1. Only Cα pairs within less than 10 Å get springs; with that Gaussian network setup on the chain, which residue of Ser172, Ser94, Ser210 has the largest fluctuation?
2. Of the trypsin sites (Lys or Arg not before Pro) in region 59-126, which ones lie in a loop per DSSP and count no more than 15 other C-beta atoms within 10 Å?
3. Read phi for every residue in region 88-96 and hand back ³J(HN,Hα) as whole Hz from Karplus 6.51 cos²θ - 1.76 cosθ + 1.60, θ = phi - 60°, with x for Gly and Pro.
4. Are there chymotrypsin sites (Phe, Trp or Tyr not before Pro) in region 1-88 that DSSP puts in a loop and that have at most 16 other Cβ atoms within 10 Å, and which ones?
5. When the Karplus curve 6.51 cos²θ - 1.76 cosθ + 1.60 is applied with θ = phi - 60°, which whole-Hz ³J(HN,Hα) does each residue of region 16-33 get, with x for Gly and Pro?
6. What figure in square angstrom, to the nearest 10, would you give for the accessible area of Arg48 with a 1.4 Å probe?
7. Rolling a 1.4 Å sphere over the protein heavy atoms, what is the accessible area per residue of region 131-219, to the nearest Å²?
8. Please give the charge dipole size of region 153-236, origin at the Cα centre, charges +1 on K and R Cβ atoms and -1 on D and E Cβ atoms. Round to the nearest 20 debye.
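The values are calculated or read from the model by the stated rules, or taken from the named source; none is laboratory data. Because the structure is predicted, anything quoted here is derived from the model rather than measured. Here Cβ is always computed from backbone atoms with ideal geometry, including for glycine, and neighbour counts include all displayed protein chains. Just so you know, the surface numbers come from the protein's heavy atoms only, side chains and all, with ligands and any DNA or RNA stripped out. Shrake-Rupley method; radii C 1.70, N 1.55, O 1.52, S 1.80 Å.
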Amino acid sequence: TAANGRYLVGGFDGLRYEPEGPPKQVDFGANYYAVQTYSDIPKFDGRRIQLAWMAGGVYPKMPFNQQMSFPCVLTLHATEDGYRLHRWPVREISTLYDKKATLRNRRITAESEVGLDLLSDLWDISVTLDAASAQKVGLNVRGEAITWDRESGTLTCANRSAPVRAANGRLSLRILADRTSLEVFANGGEVSMTSCVLFRTGERRVSVFSEGGEAQLVNLTGWTLRSAWSGRSAVQKP
């Protein structure tokens, strides 16, 4: 493949690789490309860690373009559709955690968007939503909507869509927001979306919404992140 989010599952006998079917897709974002993995991690660790080159990112008034994704661990899982590759952010991201905000068991309607009580450019967000009677549910992260459509079973972000199944109408997502990117992970990493984003100036809020009916926010946890370069906080009170 072209290291662009597609992969093959198959068997290797030490000499020959035999794929079991057509290519599968793990990432559906706009800028996931030219992925690389590290091959020299210590044996006691054993993880396969991947970075993607986020090709195509253009940042006004900046002397550079494009960027790297957050590092992710690759694992193979048995599913009802066969073996599937999962991508999940490395645990070391927690070393950048700064402030935490949590919401639980909130009713969400089209007229009552619910948000966290912190503002930040940098986020690690975990959310579980029950669509209940809503046609669509999702998050608004710094002005960018991440929307799951019940009827089509698709998750949409940054003008891209991915097939995402929700067990009994319940959707679980993890979202990493950097200053110019959104990385979305669904169903424990079965689907990811890696996209460059130019956020609205001054927009730093995280909130949950529903459309076409009522939804239930089961849990929303947002960690603001310190800068990996300076170590400084990116938090601001609303």
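1. Ser94
2. Details: sites: Lys61, Arg84, Arg87, Arg91, Lys99, Lys100, Arg104, Arg106, Arg107; in loops: Lys61.
Within region 59-126, the qualifying trypsin sites (Lys or Arg not before Pro) (loop, at most 15 other Cβ atoms within 10 Å) are Lys61.
3. Karplus-based 3J(HN,Hα) across region 88-96 equals 9, x, 5, 5, 5, 4, 5, 5, 9 Hz.
4. Listed in order of number, the matching sites are Tyr38, Phe44, Phe64.
5. Each residue's phi maps through the Karplus curve to give 10, 9, 10, x, 8, x, x, x, 9, 10, 9, 10, 10, x, 7, 9, 8, 7 Hz.
6. Estimated to the nearest 10 Å², Arg48 gives 100 Å².
7. Heavy-atom SASA per residue in region 131-219 reads 39 Å².
8. 280 debye
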